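A quick write-up on the structure given underneath.
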Amino acid sequence: MSQPDFDFFRSGFPALKEKVYLSICDKMILHDAVRENIDVFLDKLAMASANRVDHEEKVCSARARFARLMGVDAATVAAVKNVSDGINSVAWAVPMAEGDNVVVTAEAEHPNNVYPWLRVGKRGVEVRIVPAKPTGEIDVTAMIAAIDKRTRIVSCASVTFAPGHRTDIARLGEACRKRDVFLLVDGVQSAGILAHELVDENIDGFATSTSKGLLGLYGFGFLYVSSRWIERLEPAYLSRPAVSMDTEDHSSMGGFDYVLQPDSRRFELGSYNLAGAYAADKSLELLLGLGKKVIEKRVLELAALLHDGLSSLDLSPAVPRQGARQSHIITVGALDAGGHGFSTDPHITQISARLAEDDVIHTVRRGQLRFAVHAYNNVSDIEQVLSCVKTAIA
C-alpha cells in the first residue's frame with residue numbers, strides 16, 4: 001500500500017504558503033481542488049447549463065462519501081444545513097411526553113448544543129444539566145448516573161470546543177443502548193480529523209457541519225441516524241424530499257396520505273445547498289484518499305509534539321498528551337479566564353498578539369489559547385509556533 005502524500009495534500013492549500021494555520025477548530029481553509037469543484041457548479045449556473053439530476057447526484061455522492069468516512073450505510077445519512085439543524089431535527093423527532101427528560105451538559109458544550117434542549121424544555125420535558133469536570137471535560141460517569149426510565153435523549157460533543165477533551169462516546173453510548181435512550185453527538189470538532197466508526201461507538205445520531213474538519217463550506221452538513229431508530233422518528237418539519245413517492249419529480253404532489261422516506265432522507269428539507277454539496281463531495285474524496293486512521297495518527301502525533309513543546313516552556317496544556325482523552329486540540333491558560341476571543345491573563349494576551357503578528361492563525365476560547373491541527377499541518381508548523389511563543393514570553 002502506498003503511503004499518503006501529506007506534502008502533496010498540503011500543497012493544495014494556498015493559505016499555507018503564507019500562514020501557519022492551526023485553527024481548524026474555528027473554521028476550514030479551502031483546498032484548490034475543492035474551490036475548483038465549487039467553480040464547476042457556479043459555471044453551470046452562469047452558463048444556464050445547470051441540471052437538477054446532476055446536482056442531486058452530487059448530493060448523493062457527498063452523502064455516500066461521508067457515510068464511508070463514518071463507517072455507516074449511506075441510507076442512514078441526511079444532508080442538512082449544519083450541526084444546529086441536525087440537533088434540532090432530532091430534538092423534535094424523538095417521541096417525548098411531559099415528564100420525560102433529556103441529559104446534557106452545559107459548561108463544556110457549545111451553546112448550539114444547549115439552547116435546543118432549553119427550547120424542548122418549554123414543552124414540559126425536564127432538561128437535566130450535568131456539570132462538567134473542573135478540567136472542562138464532559139463527565140461521562142455523571143451523565144450515565146443521570147439517566148433513568150424517563151430519559152429519552154442524551155446529547156454531548158465528541159470533542160469539546162474548549163479545552164478540547166475527547167469524550168468517551170462508546171462508553172456513554174453503551175449505557176444509552178442498554179436503556180433504549182437516543183445518544184446524539186455533536187461531531188463537528190472531530191469529523192474529518194479523528195477516526196469514527198459510528199456503529200461501534202453506539203451512536204444513534206451524529207450531526208456535523210462541513211465548515212471545519214471536513215474542509216467544506218458553511219451552510220452544509222450531515223445528520224446520521226441509526227437504522228434502529230429511524231422508523232420511530234417523526235420530523236417536525238416536512239417538504240417534498242422527505243416524502244417517499246414513486247416519482248422523482250419534486251413538483252409532483254402524491255396525495256394527502258403521505259409516507260415518509262424510509263431512511264434519513266426524511267430529515268431533508270427543500271432545495272439543497274448545492275455549492276456546499278459540490279465542495280463536500282471533493283473534500284471528502286481528498287480525506288478518504290488519505291485515510292481516516294492515517295489522518296488521526298498524524299494529527300495526534302503533531303498535537304503531542306506541540307504539547308511537549310509548550311510544556312517545555314512552562315505552559316501546561318489542558319488536554320492530556322496521550323490516552324483516550326487526547327484530541328487534535330491543544331489549549332493553554334486558565335479555563336474561563338476570559339471569553340470568546342479574549343483572555344484576562346496578560347500572558348495569554350501577549351502570546352496571542354505575537355502569534356497574530358507572525359501570521360500564526362489560532363483562536364482564544366473560554367480565555368484559553370487554542371490550537372488545532374489537521375492533516376495539512378507538519379512539523380515545521382509546530383516548530384514555528386513554539387519559536388513564536390518562546391519569543392513572546394522571553
Sole exception among (1) surrounded by fewer than 24 Cβ atoms within 10 Å (Cβ to Cβ); (2) touching a helix residue (DSSP H, G or I) at 6+ places or on another chain (Cβ under 6 Å); (3) under 28 Å from ARG298 (Cβ atoms) for ALA242, by number: (3)
Six or more apart or on different chains, Cβ atoms under 8 Å: show the pairs whose first residue is in the stretch 212-232 and assigned by TED's automatic domain parsing to the domain that holds ALA79 and surrounded by 24 or more Cβ atoms within 10 Å (Cβ to Cβ) and whose second is outside any loop (DSSP other than H, G, I, E, B) and acidic (Asp, Glu). GLY221/ASP85; LEU223/ASP85
State the number of residues belonging to the stretch 298-316 that are charged (D, E, K, R) and closer than 11 Å to LEU386 by Cα. 1
Just to be sure I understand, how many residues within the stretch 24-40 are surrounded by 20 or more Cβ atoms within 10 Å (Cβ to Cβ), in contact with a helix residue (DSSP H, G or I) (Cβ under 9 Å, 6 or more places away or on another chain) and of a type outside the set (A, V, I, L, M)? 2
Hits in the stretch 173-224 (condition: among the aliphatic types (A, V, I, L, M), under 26 Å from LEU290 (Cα atoms) and not in a loop (DSSP other than H, G, I, E, B)): VAL185, ALA207, LEU223
Within the stretch 265-273, does at least one residue satisfy the condition of being assigned by TED's automatic domain parsing to the domain that holds MET96, surrounded by fewer than 18 Cβ atoms within 10 Å (Cβ to Cβ), out of contact with any helix residue (DSSP H, G or I) (no Cβ under 8 Å at 6 or more places or on another chain) and modelled with pLDDT under 95? yes
Would you check if ASP73 is within 27 Å of LEU290 (Cβ to Cβ) and of a type outside the set (Ser, Thr, Tyr)? yes
Among the residues of the stretch 234-257, how many are at pLDDT 90 or above and part of a loop (DSSP other than H, G, I, E, B)? 7
Among (1) outside any loop (DSSP other than H, G, I, E, B); (2) within 23 Å of the chain's Cα centre (by Cα); (3) in contact (Cβ under 8 Å) with a residue 24 or more places away in the chain, ASP26 falls short only on (1)
Single match in ALA170, ALA175, ALA195 (criterion: surrounded by fewer than 24 Cβ atoms within 10 Å (Cβ to Cβ), of a type outside the set (Phe, Trp, Tyr) and in contact (Cβ under 8 Å) with a residue 60 or more places away in the chain): ALA195
Looking only at the stretch 284-305, decide whether some residue is part of a helix (DSSP H, G or I), surrounded by 15 or more Cβ atoms within 10 Å (Cβ to Cβ) and over 23 Å from the mean Cα position of the chain (by Cα). yes
Being surrounded by fewer than 15 Cβ atoms within 10 Å (Cβ to Cβ), modelled with pLDDT of 95 or more, in contact with a strand residue (DSSP E or B) (Cβ under 6 Å, 6 or more places away or on another chain) and hydroxyl-bearing (Ser, Thr, Tyr) narrows it down to one of THR344, THR349, THR331, so name that one. THR344
Regarding ARG10, is this residue of a type outside the set (A, V, I, L, M, F, W, C), surrounded by fewer than 21 Cβ atoms within 10 Å (Cβ to Cβ) and more than 30 Å from SER327 (Cβ to Cβ)? no
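The values are calculated or read from the model by the stated rules, or taken from the named source; none is laboratory data. Predicted model only: the values in this text are computed from it and were never measured. Because the Cβ atoms are built from the backbone with ideal geometry, glycine has one as well, and the counts that use them run over all protein chains shown.
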